[in-house]
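The values are calculated or read from the model by the stated rules, or taken from the named source; none is laboratory data. Keep in mind that what you see is a predicted model, and the values were worked out from it rather than measured. Because the Cβ atoms are built from the backbone with ideal geometry, glycine has one as well, and the counts that use them run over all protein chains shown. Keep in mind that these areas ignore ligands, DNA and RNA; they rest on the heavy atoms of the full protein, side chains included. Shrake-Rupley method; radii C 1.70, N 1.55, O 1.52, S 1.80 Å.
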Amino acid sequence: MTRLTAKDFSPDVLRLFDRYVHGDLSRRGFIDQAARAAGGTAAAAGLLAALSPQFAQAQRVVPTDPRIATRTLSFDSPMGNGQVKGYLAKPARATGKLPVVIVVHENRGLNPHIEDITRRLALDGFLAYAPDALAPVGGYPGDEDKARELFGKLDGAKTRADFVAATRSMLGFAEGNGKVGAVGFCFGGGMANYLATQVPELAAAVPFYGGQPAAAEVPRIKAPLLIHYAGVDERINAGWPAYEEALKAAGVKYEAHIYAGTQHGFNNDTTPRFDAAAADLAWKRTVGFFKTHLTG
């Protein structure tokens, strides 16, 4: 079966989908508005189904892959929700301490795609830990709409504190080498930026199309940054000029890439917004960046 890409959808439909993904438009709102371009509600529902994640088709590393070892791991988070819970993956035959990468999900919690990303990092030689912001409300519910609904009910300050607690815990984790990086996507990209402002010991941060911190917070960043943006992502990219200006003014080491013609979410290979060429390049850059800053 031929895989659909962003080119198979009109720009208007992609913009509606982006609003839907980020909770600015309900399922019914998407279908009602897309119906005008699609020629009816049935066709619009078909568009939404075609754009929605297909986790099984995109999975690259099965949970039972003998090359990796996985488990659930929790840490205390006294300033957050009391405890932060997540998914840990590492090379099964690792000897010695490993570089650590915190993996931060999108606005649907720790879904199968982010678990797969975590396992991919384990195959690249990292100890990868993906905290679940939805753990306090029962975890990922198995449905993207329900996950977004639950996400909107979270206490943002406590959620941020949970990710800080997870990062600080991994700095002293017995199986880690003391060097911790963070990578995140969409909400997670914004969180990777945030962690860089809150945890001066962070050794590297890689935000994918994430919201930027306030300019006043930027001088607190000590970690080198590798920043990935989609070319067609007006909502997120609007904040980049001010962020870049603040990074330069603060003397923060950073490398930024804007992938021309790509959509927000281009690294997520479960949906048609995935761009294989851009995602492959961005991931190679990400893994190389982490190997440079988290090993040795």
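Number of residues in the stretch 9-39 that are assigned to a helix (DSSP H, G or I) and within 16 Å of Gly265 (Cα to Cα): the value is 10. Determine whether the stretch 162-170 contains at least one residue that is polar (S, T, N, Q), crowded, with 23+ Cβ neighbours inside 10 Å, within 18 Å of the chain's Cα centre (by Cα) and under 14 Å from Leu294 (Cβ atoms). For the stretch 162-170, residues polar (S, T, N, Q), crowded, with 23+ Cβ neighbours inside 10 Å, within 18 Å of the chain's Cα centre (by Cα) and under 14 Å from Leu294 (Cβ atoms): present. With modelled with pLDDT of 95 or more, of a type outside the set (Ser, Thr, Tyr) and surrounded by fewer than 23 Cβ atoms within 10 Å (Cβ to Cβ) as the only criterion, which of Val287, Val206 stands out? None of the others qualify; the one that does is Val287. Gly139 - would you say it is farther than 30 Å from Leu281 by Cβ and either surrounded by 24 or more Cβ atoms within 10 Å (Cβ to Cβ) or over 15 Å from the mean Cα position of the chain (by Cα) (or both)? Taking the combined requirement at face value, the residue satisfies it. Are any of the residues in the stretch 87-105 open to solvent by less than 20 Å² (accessible area, probe 1.4 Å), over 24 Å from Lys284 (Cα atoms) and either of a type outside the set (A, V, I, L, M, F, W, C) or assigned to a helix (DSSP H, G or I) (or both)? No, because not a single residue in the stretch 87-105 is open to solvent by less than 20 Å² (accessible area, probe 1.4 Å), over 24 Å from Lys284 (Cα atoms) and either of a type outside the set (A, V, I, L, M, F, W, C) or assigned to a helix (DSSP H, G or I) (or both).
Scanning the stretch 249-284 for residues that are in a strand (DSSP E or B) and either open to solvent by less than 40 Å² (accessible area, probe 1.4 Å) or out of contact with any Gly (no Cβ under 7 Å at 6 or more places or on another chain) (or both) turns up Tyr254, Glu255, Ala256, His257, Tyr259, Thr262, Gln263.
Please work out if Ala50 is open to solvent by less than 80 Å² (accessible area, probe 1.4 Å), touching a residue at least 60 places away in the same chain (Cβ under 8 Å) and assigned to a helix (DSSP H, G or I). Against the criterion (open to solvent by less than 80 Å² (accessible area, probe 1.4 Å), touching a residue at least 60 places away in the same chain (Cβ under 8 Å) and assigned to a helix (DSSP H, G or I)), Ala50 qualifies. Across the stretch 126-135, not a single residue is classified as hydrophobic (A, V, I, L, M, F, W, C) and surrounded by fewer than 19 Cβ atoms within 10 Å (Cβ to Cβ).
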